[in-house]
Amino acid sequence: MAQAAETRKRGKTSAKTGDSNADRAQLLTAYRTMLLIRRFEEKAGQLYGMGLIGGFCHLYIGQEAVVTGMQMAIGDGDEVITSYRDHGHMLACGMDPRGVMAELTGRAGGYSHGKGGSMHMFSKEKNFFGGHGIVGAQVSLGNGLAFSNWYRGNDRVCLTYFGEGASNQGQVYESFNIAALMKLPTVFIIENNKYGMGTSVERASASHDLSKNGVPWGITGAQVDGMDVLAVKAAAEVAVAQCRAGKGPYLLEAKTYRYRGHSMSDPARYRTREEVQMMRTQHDCIENARHRLEALGVEEKEFKAIDDEIKATIQDAADFAQASPEPDPAELWTDVLVEG
Amino acid sequence: MATQILMPALSPTMTEGKLSRWLKHVGDDVRAGDVIAEIETDKATMEVEAVDEGKLAQILVDEGTEGVAVNTPIAVLSMNGESVEMPPATAARKSAPASPKAEAPAPAATAIAAPVAMGPEKDWGPTAPITVREALRDAMAAEMRADKDVFLIGEEVAQYQGAYKISQGLLDEFGPKRVIDTPITEHGFTGMAVGAALNGLRPIVEFMTFNFAMQAMDQIINSAAKTLYMSGGQMGCPIVFRGPNGAAARVAAQHSQCYASWYAHVPGLKVVSPWSSADAKGLLRSAIRDPNPVIVLENEMLYGQTFDCPTDPDFIVPIGRAKVERAGSHVTIVAFGIMVGVALKAAETLAGEGIEAEVINLRSLRPFDSETVAASVRKTNRLVTVEEGWPFAGIGAEVTMQVIENAFDWLDAPPVRVHGLDVPLPYANNLEKLALPQPEWIIDAVKKLI
């Protein structure tokens, strides 16, 4: 572990201004990740429609820039934890789309062997700590991940994601207090997609600038355009650097938007079609990145190659998720307790 | 190339729905994300979005059709502009796999049964008298010396030396990084400790009393107990939750409750409840070493009591083993925690009247040592359970059922439960006494059986 710690990459700094090759490479990577998430989620929606995925399924479509930008600012060994809208986070952490999709279909090949489902997936290897179904619970848990970094005296940072809906939970404020008190290396990221299920943020929160919610505890906060992956990355670098320097937690509010319903069974009557269309056509994070890449000289055939590659990856994941067998009945009784 | 659009499932419970409206018509171009139809489900009217791009070539189910089963082809989309002549049935997709109902039943649960064939309890040699308070402190100190990943966290555990002085001296020995005072914020610090355990540390969380752990119940049950299972075994939670449980003395209803049956109900947790100093020291050491979340239900009234405890530095009590505190042949009295002492007092009185009671100290509630209890009942043929908590769905009910399952044919009389009265615990001195099990209650229960 110690050797891994020494060799792991750390807080990759942003490309120098004017270095268009670096900009291009970085943005292409971001574009690829965002597109991977979107195509994955579209496929998940499709498989849900076919009855291959059950229960709750919360899609991340529209919000891809947030996790993609954040992830570009951290290094190996840093921890990530989030809520139940977690597929995008897992893919951005480098988890295998096959294992994620197979968990969605409840198969043996899934990350949790079919025992967790959409909302409860983990990868110790990738330092992804879930995947939590109880709104706001991951915020206290994220403090614990940051605490373990503090306890061990390493310089790792925990990214703790939650929605603007969760930001009204009491334990979020308990966690702000503890993190500030102990100077824990936690980046709190509020993914403000404007609706906590069907309740708009204006109807749920008396605070109108959620990035200031940590002010009573002296937590530095900032807002960022969550539909712009490079803006997110830049903001994340500032936040992560502060945490890594031992200066305590940081609160980022990413203003974003989910195109789909809260979950698959949400008719989304609480917002207008025009609002959704406006976000899709004018603020889409993937289109935004594509336009920039075009300006940087990326040609259609390169986009096509990426599209094709991702389409193949997703199809492979979907095939795997359907071919993988259901878990053995004996799996019912495993992993209740660690034996010995 | 063409693809069929299938009737989608739009909620976890939907099996069929009404195709209420088509928003796209044959010949229309469709882009991914376009709403193509509206469907009425059992919950609401939902929009169906296109997943693929193409031209709507055929509509197979007319709008207004009710009872359209999930996965029925409802339209055909032509892709790459070619024309399509596709009979509706040709490409019918395989429907979702059947649920595993028909498969062979899974093996029976073993999770709550204690390991069998444990042999006689080890003789740890010489003993010395110490209080339960000292035993708990010594257990933590020993484990903290042995493993630097073990730390103590809670309210007033460090500078104040413990609200009940359990952690006396630990701050001095281990410093503020390993003995950590928290604000009064049970939900927040419990969640934090669980997160630290998921990342490989071994926290001991002290609740000033278990009454306050209700504020943190979600983290204990949903995060600590279930994550191992939900992660397919990847992420365990080696954590101890400890503190006083049950009635103290005249602190009334909100501060006087036994949580034994609450926690013992939950797969993924282990639950122990020490009575003596040896129980306290040995069980807490096992709890700290255990790779699972363990609830240690202590009792404030016992903290100051002195018992002989083995002095062997390796002394430990395995989780999952009950202890026969007093041998007897006429009746089995099963108790845990503070009620073990009450049961022993009752047994003493009964012995004066010629009735020999066997008193079993459960020590572990989950896993439950069914074998020791059943073996005793096979000998005495009678069972009395004793607990401070409420009767309904309580530990006594579970012990009785375990005996019914394992030693029914040996019972000569219906088991009797002795328990705290089914009321919130009152404050008044006389009322409080009337609500909590006394030795006389046990004596009366035994005499009813014999």
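All of the numbers you see were taken from the coordinates with simple rules; none came from a lab. Keep in mind it's a predicted model, so treat the numbers as computed, not measured. A quick note on method: Cβ atoms are made from the backbone with ideal geometry, for glycine too, and the neighbour counts reach across all protein chains shown.
With +1 assigned to the C-beta of every Lys and Arg and -1 to the C-beta of every Asp and Glu, and no other charges, what is the dipole magnitude of segment A:23-321 about the Cα centre in debye, to the nearest 20?
Numbers: 32 positive and 35 negative charges, 106 e Å.
Magnitude of the dipole: close to 500 debye.
In nm, what is the difference between 0.36 nm times the number of residues separating A:H208 and A:E274 and their Cα-Cα distance?
Length gained between A:H208 and A:E274: 21.4 nm.
Over the Cα atoms, compute the radius of gyration (one decimal) and Dmax (the largest Cα-Cα distance, rounded to a whole number) for chain B, in Å.
Both quantities, over Cα of chain B: 30.2, 99 Å.
Sort B:67-76, A:94-103 by packing, meaning the average of other beta carbons within 10 Å per residue, with the highest value first.
Highest to lowest by the protection proxy: A:94-103, B:67-76.
By DSSP, what percent of the beta bridges with both residues in the protein assembly as shown are antiparallel, rounded to the nearest 5? Write out the running numbers ahead of the final one.
Details: 37 of 91 bridges.
Antiparallel: roughly 40 percent of the beta bridges in the protein assembly as shown.
Using +1 at the C-beta of Lys and Arg and -1 at the C-beta of Asp and Glu, which of A:L332, A:T29, B:A249 has the Cα lying farthest in the positive direction of the dipole of the protein assembly as shown?
It is B:A249, whose Cα lies furthest towards the positive end.
Any idea what % of Cα-Cα pairs in the protein assembly as shown are farther than 36 Å?
Values: 161133 of 311655 pairs.
Cα-Cα pairs in the protein assembly as shown separated by more than 36 Å: 52 percent.
Among the listed pairs B:K165/B:K323; A:K43/A:K304; A:K183/B:K281; A:K247/B:K148; B:K345/B:K448; B:K165/B:K226, give every one whose C-alpha distance is greater than 23 Å.
B:K165/B:K323; A:K183/B:K281; A:K247/B:K148; B:K165/B:K226
Report, to the nearest 10°, how far helix B:439-449 tilts away from the longest principal axis of the Cα atoms in chain B, using its own Cα long axis and a range of 0 to 90°.
80 degrees
Reachable aspartates and glutamates from A:K124, Cα under 17 Å, same-chain residues fewer than 8 places away excluded?
Cα-Cα hits under 17 Å: A:D76, A:D78, A:E79, A:D86, A:D96, A:E103, A:D335.
Just want to confirm a number: the relative contact order over chain A, from Cα pairs under 8 angstrom separated by 6+ residues, in percent.
Over chain A, the number comes to 23 percent.
If you fit an axis through the alpha-carbon atoms of helix B:132-146 and take the longest principal axis of the Cα set of chain B, what angle between them do you get, 0 to 90°, nearest 10?
Rounded to the nearest ten degrees, it is 60.
What is the distance, in nm, between label points placed 7 Å from the Cα along the Cα-to-Cβ direction at B:K148 and at B:L23?
6.1 nm
Counting each DSSP H run of 4 or more residues in chain B as -39500 (n - 2.57), what helix-only mean residue ellipticity at 222 nm follows after dividing by all residues, to the nearest 500 deg cm²/dmol?
Counting only the DSSP helices, I get -7500 deg cm²/dmol.
How far apart, in nm, are the 7 Å Cα→Cβ label points at B:Q305 and A:A330?
About 4.5 nm, to one decimal.
So how do B:W275, B:W441, A:W333, B:W22 line up by other beta-carbon neighbours within 10 Å, fewest first? Let's see the in-between values first.
Working: B:W275 28, B:W441 17, A:W333 14, B:W22 20.
Lowest to highest Cβ neighbour count: A:W333, B:W441, B:W22, B:W275.
Classify segment B:237-348 as rounded, prolate or oblate, taking a ≥ b ≥ c as the square roots of the eigenvalues of its Cα gyration tensor: rounded when a/c is under 1.5, otherwise prolate if a/b is larger than b/c and oblate if not.
Numbers: a/c = 1.45, a/b = 1.11, b/c = 1.31.
Rounded shape, in that the Cα axes give a/c under 1.5.
Too long at a 32 Å Cα-Cα cut-off: which of A:K194/B:K43; A:K115/B:K270; A:K212/B:K43; B:K122/B:K447? Intermediate values should be presented prior to the final figure.
Numbers: A:K194/B:K43 23 Å; A:K115/B:K270 21 Å; A:K212/B:K43 38 Å; B:K122/B:K447 34 Å.
Pairs exceeding the cut-off: A:K212/B:K43; B:K122/B:K447.
So, R0 is 30 Å and r is the distance between the beta-carbons of B:D312 and B:E348; what FRET efficiency does that work out to, to 0.05?
FRET efficiency, B:D312 to B:E348: 0.55.
Suppose the chain between B:I450 and B:L421 were pulled fully straight at 0.36 nm per residue; how much longer would it get relative to their current alpha carbon spacing?
Length gained, B:I450 through B:L421: 8.1 nm.
Say R0 is 35 Å: what FRET efficiency, to the nearest 0.05, do B:K165 and B:H265 get from their beta-carbon distance?
Given R0 = 35 Å and the Cβ-Cβ separation, E is 0.65.
Fewest first, what order do A:F147, B:F210, A:F56 take by the number of other Cβ atoms within 10 Å?
Least to most surrounded, the residues fall as A:F56, B:F210, A:F147.
What is the mean number of Cβ atoms from other protein chains located within 10 Å of the Cβ atom of each residue in peptide B:263-273, rounded to a whole number?
1
Give the calculated FRET efficiency between B:E66 and B:A44 to the nearest 0.05, with a Förster radius of 25 Å applied to their Cβ-Cβ distance.
About 0.95, to the nearest 0.05.
Which value, in debye to the nearest 20, gives the size of the charge dipole of the protein assembly as shown about its Cα centre, when Lys and Arg are +1 and Asp and Glu are -1 at the Cβ?
On the way: 75 positive and 98 negative charges, 230 e Å.
Taking the Cα centre of the protein assembly as shown as origin, the dipole is about 1100 debye.
Could you give the angle, 0 to 90 degrees to the nearest 10, between helix B:277-289's Cα long axis and the longest principal axis of the Cα atoms of chain B?
Helix B:277-289 sits roughly 30 degrees off the main axis of chain B.
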